[in-house]
1. For the range 14-55, enumerate the residues that are among the small types (Gly, Ala, Ser) and more than 9 Å from Ile4 (Cα to Cα).
2. Out of all the residues in the range 8-35, which are among the polar types (S, T, N, Q), surrounded by 10 or more Cβ atoms within 10 Å (Cβ to Cβ) and farther than 19 Å from Leu50 by Cβ?
3. Say whether the condition of being surrounded by 12 or more Cβ atoms within 10 Å (Cβ to Cβ), part of a strand (DSSP E or B) and touching a Leu at 6+ places or on another chain (Cβ under 6 Å) is met by at least one residue in the range 121-130.
4. What are the pairs with Cβ atoms under 8 angstrom where one residue, in the range 113-135, is on the phi > 0 side of the Ramachandran plot and the other, located anywhere, is surrounded by 11 or more Cβ atoms within 10 Å (Cβ to Cβ) and acidic (Asp, Glu)? Sequence gap at least six, or different chains.
5. Can you tell me which residues in the range 15-37 are touching a Leu at 6+ places or on another chain (Cβ under 8 Å), over 13 Å from Leu47 (Cβ atoms) and part of a loop (DSSP other than H, G, I, E, B)?
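Derivation of every value follows stated rules applied to the coordinates shown; laboratory data play no part. Everything numeric here is computed off the predicted structure, so don't read it as measured data. Cβ: placed from backbone, ideal geometry, glycine included. Neighbour counts: every protein chain shown.
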Amino acid sequence: MEVILKQDVNNLGFTHDIITVKDGYARNYLIPKGLAIIANETNRKVLAELKRQQAFKADKIKNEAATIAKALEGLSLRIAAKAGASGKIFGSVNAVQISNAIKEAKNIEIDRKKIHLNEDSVKELGNYKAKIKLHKEVQFEIDFEVFAE
């Protein structure tokens, strides 16, 4: 019997896969538990439409991320921090400060979880790079300078 999986099932397949299983397994386990539906003509058409819509949404999200990346390309940020005479700053500069600096510079809000520093946090004055991952296929680096207030 062919069924369409509604969610991932270990050792069987992933969501929206059409798989062939024994009739008893489908009727007694997969369908009653809500893990699968019978792969008849109607359900296949619904699946095709769902996949088309998901592809359209994924493409739209990727294009939006590429637009934001293009707008931020070549941007160099300056982040002020209180520092001692030796060049060490009081506290640290992390993804939250970088996100706020981008918002002030270009009025584009980027979630702090999408900003990755090479170090956990920056604790000295100087020039650094941060990697911004907007989408699994859209990522870029941004330069920033930490200077004394």
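1. Gly24, Ala26, Gly34, Ala48, Ala55
2. Asn28
3. yes
4. Gly126/Glu145
5. Correct list: Val21, Leu35.
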